[in-house]
Structures are given as structure tokens and as C-alpha cells.
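Trainee: Please see the structure below; I have some questions.
The values are calculated or read from the model by the stated rules, or taken from the named source; none is laboratory data. These numbers were taken from a predicted model, which means no experiment stands behind them. Positions of Cβ are generated from backbone atoms using ideal geometry, with glycine treated the same way; all protein chains shown enter the neighbour counts.
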Amino acid sequence: MRATIAIIEPHPQIRPLFSELLNDLGYRVLFHTGRFSEFVLLVDPDAPPQVCINDTNYRDMYGFCHSKCIKENFIQSKTIIHSNDPSDMVYQAFKNIDVVDYYVDKCSGLEALQRAI
């Protein structure tokens, strides 16, 4: 069995499609949600996801705060920032903050995400 995954993605149209795609690739998506507050309620503290995929953008950068919280509470979980930010701001923040394991630009394709997972 491949990695267990939780997805925090604000776009309701994307969440189920993204989950289905990852499931089809052999990963086990435990849940997907649009809010970190829902993530906190859904995550099983005794069996947290191996990988947490967080969307973020240059306007809010919440994905970094969420990743920090995940790392503080579930140190074995890997965090990925998955962003379609058109500027370089999110990537620069990723390089300067050590709470995220990987940054994947949504435009870079599925292979880049699979390498990060």
C-alpha cells in the first residue's frame, strides 16, 4: 500500500477530483477538506496521514501555518505545499521556512507531486 494522504484544498470542485486521482494512483486518501479547522476534527491522532498536501497562495500563506501545526503535532507526517501561485512569493517562503518538506507547483504536473509524496 502506498502512502496515506490528507488534502487541504479550498476549492470544492477540485477536492474530490484530486482525491479520486490519487486513489486511482494507488494512494489512500484518508480525507480531503477545505479548512484546517476541519482537518483538526478529521485527523486520527493515533494514525495521522503519512502525507499532508496543503494548498496555499501568496495572498494568505496559510498553508505554511497549517504545515507548522501538523509538524508540531505529527512529526512523522510529511507536508507538501501544492500551489499554483503565479508569483515567486510562495516558493521563496518555502525556501525560508523549514516547516514544509516539499513545494510542488500545480503547473509542474502529476509526476512532480508523485516524487514529493
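Trainee: If I go through the stretch 97-108 residue by residue, how many of them are assigned to a helix (DSSP H, G or I) and either at pLDDT below 80 or of a type in the set (A, V, I, L, M, F, W, C) (or both)?
Mentor: Matching residues across the stretch 97-108 total 1.
Trainee: Further question on the same structure: For the stretch 105-117, how many residues meet the condition of being closer than 13 Å to residue 51 by Cα and touching a residue at least 24 places away in the same chain (Cβ under 8 Å)?
Mentor: Total satisfying the criteria: 4.
Trainee: Given the structure, is residue 109 in contact with a Ser or Thr (Cβ under 9 Å, 6 or more places away or on another chain) and of a type outside the set (Val, Ile, Thr)?
Mentor: no
Trainee: Based on what the data block shows, is residue 42 under 20 Å from residue 4 (Cα atoms) and in contact (Cβ under 8 Å) with a residue 60 or more places away in the chain?
Mentor: It is false that residue 42 is under 20 Å from residue 4 (Cα atoms) and in contact (Cβ under 8 Å) with a residue 60 or more places away in the chain.
Trainee: Name, by its number, the condition in (1) assigned to a helix (DSSP H, G or I); (2) crowded, with 16+ Cβ neighbours inside 10 Å that does not hold for residue 65.
Mentor: Answer for residue 65: the failing condition is (2).
Trainee: Which count do you get for residues in the stretch 28-48 that are in contact with a helix residue (DSSP H, G or I) (Cβ under 9 Å, 6 or more places away or on another chain) and not small (Gly, Ala, Ser)?
Mentor: 12
Trainee: Please state which of the following conditions residue 70 fails to meet, knowing it meets all the rest: (1) closer than 19 Å to residue 102 by Cβ; (2) in contact with a Leu (Cβ under 9 Å, 6 or more places away or on another chain); (3) of a type in the set (A, V, I, L, M); (4) surrounded by 16 or more Cβ atoms within 10 Å (Cβ to Cβ).
Mentor: (2)
Trainee: Of the residues 5, 53, 75, 14, which single one is loosely packed, with under 15 Cβ neighbours inside 10 Å and not hydroxyl-bearing (Ser, Thr, Tyr)?
Mentor: Exactly one residue qualifies, and that residue is 75.
Trainee: Still on this structure, please answer the following. Specify the residue that is surrounded by the most Cβ atoms within 10 Å (Cβ to Cβ); the eligible residues are those in the stretch 78-96 that are over 20 Å from residue 4 (Cα atoms) and charged (D, E, K, R).
Mentor: Once the filter is applied, the top-ranked residue is 85.
Trainee: Right, residue 23: part of a loop (DSSP other than H, G, I, E, B) and touching a strand residue (DSSP E or B) at 6+ places or on another chain (Cβ under 7 Å) or not?
Mentor: Judged against the criteria, residue 23 is not a match.
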